[in-house]
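Chemist: Sending over a structure as structure tokens; questions will come in a sec.
The values are calculated or read from the model by the stated rules, or taken from the named source; none is laboratory data. Predicted model, so just to flag it, every value in this text is computed and none were measured. Note that we place each Cβ from the backbone using ideal geometry, even for glycine, and neighbour counts take in every protein chain shown. SASA here: full protein model, heavy atoms, side chains in, ligands and nucleic acids out. Shrake-Rupley method; radii C 1.70, N 1.55, O 1.52, S 1.80 Å.
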Number of protein chains: 2
Amino acid sequence: MRSTHRLPNLRIAVVGTGAVGGYYGAKLAYYGRDVHFLIRSEQERAAVRRFGLQIKSRKDGFRVARINVHATTAEIGPCDLVLIALKATANDALTDLLPPLIGPETLLLTLQNGLGNEEFLAERFGPHRVLGGLCFVCLHKTAPGVIEHQGYGNLALGEFSGYPLPRTHDIAWEFKRCGVTARVVADLAEARWRKLVWNIPFNGVTLLATAQRPPDAPPVSTADILADDALAYLTRRLMDEVIAAARKLGHPIPADFADLQFKRTAEMGAYLPSTLLDHLAGRPIELDAIWGKPYRQAYNAGAEVGRLETCYQLLRRLTASANNGSRHPIP
Amino acid sequence: MRSTHRLPNLRIAVVGTGAVGGYYGAKLAYYGRDVHFLIRSEQERAAVRRFGLQIKSRKDGFRVARINVHATTAEIGPCDLVLIALKATANDALTDLLPPLIGPETLLLTLQNGLGNEEFLAERFGPHRVLGGLCFVCLHKTAPGVIEHQGYGNLALGEFSGYPLPRTHDIAWEFKRCGVTARVVADLAEARWRKLVWNIPFNGVTLLATAQRPPDAPPVSTADILADDALAYLTRRLMDEVIAAARKLGHPIPADFADLQFKRTAEMGAYLPSTLLDHLAGRPIELDAIWGKPYRQAYNAGAEVGRLETCYQLLRRLTASANNGSRHPIP
């Protein structure tokens, strides 16, 4: 517990109080940490000021009544640690949002999905202050200040610039002391690819299969994929392809990793990934972070990624209007 | 013109009087050949008996007033040549339909799409009598006995069992004398793959993109594909993959073949492939003939077919109900 001395009283900002930022921020606030939430919607600010943040969960739900809510990051001012949990599609906003939060020692921890978020922060604010966190958690924001926690919750933390540092472990400990199962990963890039091994196929195929379902049929869940010959086969082959691509990129993902992913997915029951919920609600999805950048990285390394390419192009087309027609470069 | 003597008065049956069977059969009948049409629907028989077969076309429409219409193949009896133009999905019916038409010298010419139709006939009726014909034509049956001819019309004929024979040329001549641009191909399997080079990507991607279009948007045509970055890229890459697979299977398709296909497709304008129209009308599509069998053939030859595999599995899922949930084996 030596690290308590190093981070005695962290000042923490949460940028992006959606499901992920709200959940992990609420955990820290519940255990008495000095957490400041940026909430840009006035209606949402009012709700959280009045009712706090509520985490609904079958096992360990909780409510934090007094929440530091802010309309701007200038109002928050410099912090020791900034949790970034905007959708990756909104990253451009960070260029203006983050500077008021950043002092000489400020650490930026992105909890966002997919590839490219650490790079985005590193280019603008310096690589030395950037950490990445992978959230293995099923969350769903159901109302302003109300987050449904459907399962899991663990966090994997790593340094963008290299091996873990003492500060990496300190932050992991800070989360652990606040009831979050946190661990430090030696190789953040590998950890991101390990997560993509699940996200690329399952988020992708639930989306594509939902988009082509008959009118009035329910959305296609992970359980529906496993129950359908064609979709299960496609998803498995796509996962095998992503694993092969990751290995080609130098990430030694073991041979039985896909079997394990499918076993765990079966145990999860009928899950609708957040990209699917976002798309169904008309919100943009993290197309480039989850499919585009991994595709280009793998393609440029010479990996065979025909399945990923096909899914990515169909998803590009599917989400063209929701993503405001933004074009992603083709290698 | 020596071949006139060899085939003086062919007795011809047309099994499957849809757009393709109706069009080519009407051409032969218009030029005075002894053509007998099998029409199983009573309503359709009545319409064709009364009004004949009408080919609507901007350039060379025509009508054949007196048509030999039959309810059963037993009523037709043995023929010299049988044109088979059922959907490949209905092939099982041929086992009962064809025997009454077959005498010792009867030739079976399948005008169906994709792979496996010649093999189906060869197994049941002997390979020596089987020919294949590839139809390069845009047709659309709009009412009983009424076929809209939207463009092209040429026919490529080949022998199932090997190189062309005198009879192959005779049959091609018979079509030519009836106003059909017909040619003989030395290698039917290669010709089938050349046609698949277009059909697999363009029929596939128009279907998949149409299935995922927003509610009330029009179907996605070939022109829509060419106008969309993601779909054009996907279609081109899929075509390149099919060409590579065909080459792996020993069919020497030249390097500039894909460019040529895209150039021709651009000239075609906004075309909706027949599989797309079939699917939109709730009819089964030739999933196994156009995607399944080519996929398995290429896969088993060790070709990289991730794009074809992905499209095939998504199409399997899409058409599962229309194809009565029939399962196609996975390699």
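Chemist: Can you give the charge dipole size of region B:11-186 about its Cα centre, rounded to the nearest 20 debye, using +1 on the beta carbon of Lys and Arg and -1 on the beta carbon of Asp and Glu?
Modeler: Values: 20 positive and 16 negative charges, 170 e Å.
Taking the Cα centre of region B:11-186 as origin, the dipole is about 820 debye.
Chemist: Using all Cα-Cα distances in region A:54-128, what percent lands in each 10 angstrom bin from 0 up to the longest?
Modeler: Per 10 Å bin, starting at 0, the Cα pair percentages come out as 16, 43, 28, 12, 0.
Chemist: Shifting gears a bit: Determine the shielding of peptide B:213-220 by partner chains: average, over its residues, the number of Cβ atoms on other chains within 10 angstrom of each Cβ.
Modeler: 1
Chemist: Follow-up. Using only Cα atoms, find the angle between the long axis of helix B:19-30 and the longest principal axis of chain B, and express it within 0 to 90 degrees, rounded to the nearest 10.
Modeler: On a 0 to 90 degree scale, this one is about 30.
Chemist: With a Förster radius of 41 Å, plug the Cβ-Cβ distance of A:Phe136 and B:Asn300 into 1/(1 + (r/R0)^6) and report the FRET value to the nearest 0.05.
Modeler: 0.60
Chemist: Sorted from largest down, give the three principal axis spans of the alpha carbons of region A:93-152, whole angstrom values.
Modeler: Per principal axis, max minus min of the Cα coordinates gives 36, 23, 19 Å.
Chemist: How many percent of the accessible area of region A:190-323 is carbon or sulfur, using a 1.4 Å probe?
Modeler: 52 percent
Chemist: At 4 °C and 1.567 mPa s, what whole-number value in µm²/s does Stokes-Einstein give for the translational diffusion of the protein assembly as shown, with Rh from the Kirkwood sum over Cα pairs?
Modeler: The diffusion coefficient I find is 46 µm²/s.
Chemist: Let me ask something else. In whole Å, what is the distance between the alpha-carbon centres of region A:179-240 and region B:196-227?
Modeler: 25 Å
Chemist: With +1 on each Lys and Arg Cβ and -1 on each Asp and Glu Cβ, and nothing else charged, work out how big the dipole of the protein assembly as shown is about its Cα centre, in Debye to the nearest 20.
Modeler: Numbers: 78 positive and 64 negative charges, 133 e Å.
The calculation lands at about 640 debye.
Chemist: Now a separate question. Return the ratio Rg/(2.2 N^0.38 Å) for region A:22-161, where Rg is computed over Cα atoms only. List each step's numbers first, then the result.
Modeler: Values: Rg = 14.8 Å, N = 140, 2.2 N^0.38 = 14.4 Å.
So region A:22-161 has a normalised radius of gyration of 1.03.
Chemist: Principal axis extents for region A:145-241, Cα atoms only, whole Å, descending order, please.
Modeler: Result, largest extent first: 52, 36, 18 Å.
Chemist: State, as an integer percentage, the relative contact order of chain A based on alpha-carbon contacts under 8 Å between residues 6 or more apart.
Modeler: 14 percent
Chemist: How far apart are the B:Gly250 label points across copies, placing each 7 Å from Cα toward Cβ, in nm, shortest first?
Modeler: 4.4
Chemist: Set Lys and Arg Cβ to +1 and Asp and Glu Cβ to -1, take the dipole of region A:11-186 about its Cα centre, and tell me which of A:Ala93, A:Gly77, A:Gln150 lies farthest positive.
Modeler: A:Gln150
Chemist: Near A:Phe175, within a Cβ-to-Cβ distance under 12 Å, what is the net charge of the other residues, with Lys and Arg +1 and Asp and Glu -1?
Modeler: +3
Chemist: For peptide A:233-244, how many partner chain Cβ atoms fall within 10 Å of a residue's Cβ, on average? Before the final figure, lay out the partial values.
Modeler: Working: counts 6, 8, 1, 0, 5, 4, 0, 0, 3, 0, 0, 0.
Partner-chain Cβ atoms within 10 Å, mean over residues of A:233-244: 2.
Chemist: Now, a different point. If amide H atoms are built 1.01 Å from N in the plane of the peptide, which residues on other chains or at least 5 residues away come under 5 Å of the amide H of A:Val220?
Modeler: The answer is A:Thr210.
Chemist: Ratio of alpha-carbon Rg to the 2.2 N^0.38 Å globular estimate for region A:209-282, to two decimals, please.
Modeler: 1.25
Chemist: Run the numbers on region B:64-140 and let me know its relative contact order in percent, using alpha-carbon pairs under 8 Å that are six or more apart.
Modeler: Computed value for region B:64-140: 29 percent relative contact order.
Chemist: What does the charge count around A:Arg283 come to, taking other residues whose C-beta lies under 13 Å from its C-beta (Lys +1, Arg +1, Asp -1, Glu -1)?
Modeler: On the way: positive: A:Lys87, A:Lys141; negative: A:Asp278, A:Glu286.
That works out to 0.
Chemist: OK, next. Within 10 Å of each candidate Cβ there may be at most 12 other Cβ atoms; applying that plus a DSSP loop requirement, which trypsin sites (Lys or Arg not before Pro) in region A:62-141 survive?
Modeler: Passing both the DSSP loop test and the Cβ count: A:Arg66.
Chemist: For every helix of n ≥ 4 consecutive DSSP H residues, a contribution of -39,500 (n - 2.57) applies; sum these over the protein assembly as shown, divide by its total residues, and give [θ] at 222 nm rounded to the nearest 500 deg cm²/dmol.
Modeler: Theoretical 222 nm ellipticity from helices: -12000 deg cm²/dmol.
Chemist: Follow-up. Under 8 Å for C-alpha pairs, at least 6 residues apart: give me the relative contact order for region A:190-323, rounded to a whole percent.
Modeler: 33 percent
Chemist: Right, here's the next one. Could you identify which residue out of B:Ala172, B:Ala186, B:Ala93 has the top mean-square fluctuation in a GNM of chain B using Cα springs shorter than 10 Å?
Modeler: For chain B, modelled as a Gaussian network with Cα springs under 10 Å, the answer is B:Ala93.
Chemist: Nearest 10 degrees is fine. How inclined is helix B:306-318 to the longest principal axis of chain B, computing both from alpha carbons?
Modeler: 70 degrees
Chemist: On to the next question. Taking a point 7 Å out from Cα toward Cβ as the label site, list the nm distances between A:Ala266 and the same residue in every other copy, smallest first.
Modeler: Distances between equivalent label points, in nm: 5.1.
Chemist: Assume the label is 7 Å from Cα along Cα to beta carbon: what separations in nm does A:Ala90 have to the matching positions in the other copies?
Modeler: 5.5
Chemist: Only residues of region B:130-145 count here: report those whose backbone N is under 20 Å from the spot 7 Å along Cα→Cβ of B:Arg63, or say none.
Modeler: B:140-145
Chemist: Can you list residues whose amide H is under 5 Å from B:Gly145's amide H, if they're 5+ apart or on another chain and H is modeled 1.01 Å from N?
Modeler: It is none; the list stays empty.
Chemist: Right, here's the next one. Quick one: how many lysine pairs in region B:11-186 have C-alpha atoms under 17 angstrom apart, if they're 8 or more apart or on different chains?
Modeler: Counting lysine pairs in region B:11-186 gives 6.
Chemist: All other residues with a Cβ under 14 Å from the Cβ of B:Ser57 taken together, and with Lys, Arg as +1 and Asp, Glu as -1, what is their net charge?
Modeler: Taking every Cβ under 14 Å from that of B:Ser57, the sum is +4.
Chemist: Further, regarding this structure: What is the helix-to-structure angle for B:229-248, meaning the angle in degrees between its Cα long axis and the longest Cα principal axis of chain B, kept from 0 to 90 and rounded to the nearest 10?
Modeler: Tilt relative to chain B: about 60 degrees.
Chemist: Between A and B, which A residue has the Cβ nearest their rotation axis, distance in Å?
Modeler: Here the nearest residue and distance are A:Gly306, 1.
Chemist: Turning to a different aspect of this structure: What dipole magnitude, in Debye to the nearest 20, does chain B give about its Cα centre under +1 on Lys/Arg Cβ and -1 on Asp/Glu Cβ?
Modeler: 700 debye
Chemist: Please find the FRET efficiency linking A:Ala143 to A:Arg183, where r is the Cβ-Cβ separation and R0 is fixed at 25 Å, and quote it to the nearest 0.05.
Modeler: After rounding to 0.05, the efficiency reads 0.20.
Chemist: Among B:Leu280, B:Gln212, B:Leu226, which residue has its Cα furthest toward the positive end of the charge dipole of region B:190-323, with +1 on Lys/Arg Cβ and -1 on Asp/Glu Cβ?
Modeler: The residue sitting most towards the positive pole is B:Leu280.
Chemist: For region B:190-323, what is the Kirkwood estimate of the hydrodynamic radius, computed as the reciprocal of the mean inverse distance between distinct Cα atoms, to one decimal in Å?
Modeler: Hydrodynamic radius (Kirkwood, Cα pairs) of region B:190-323 is 14.9 Å.
Chemist: Using only the alpha carbons of chain B, determine the length spanned along each of the three principal axes and report them from longest to shortest in whole angstroms.
Modeler: On the principal axes, chain B reaches 52, 43, 38 Å in Cα extent.
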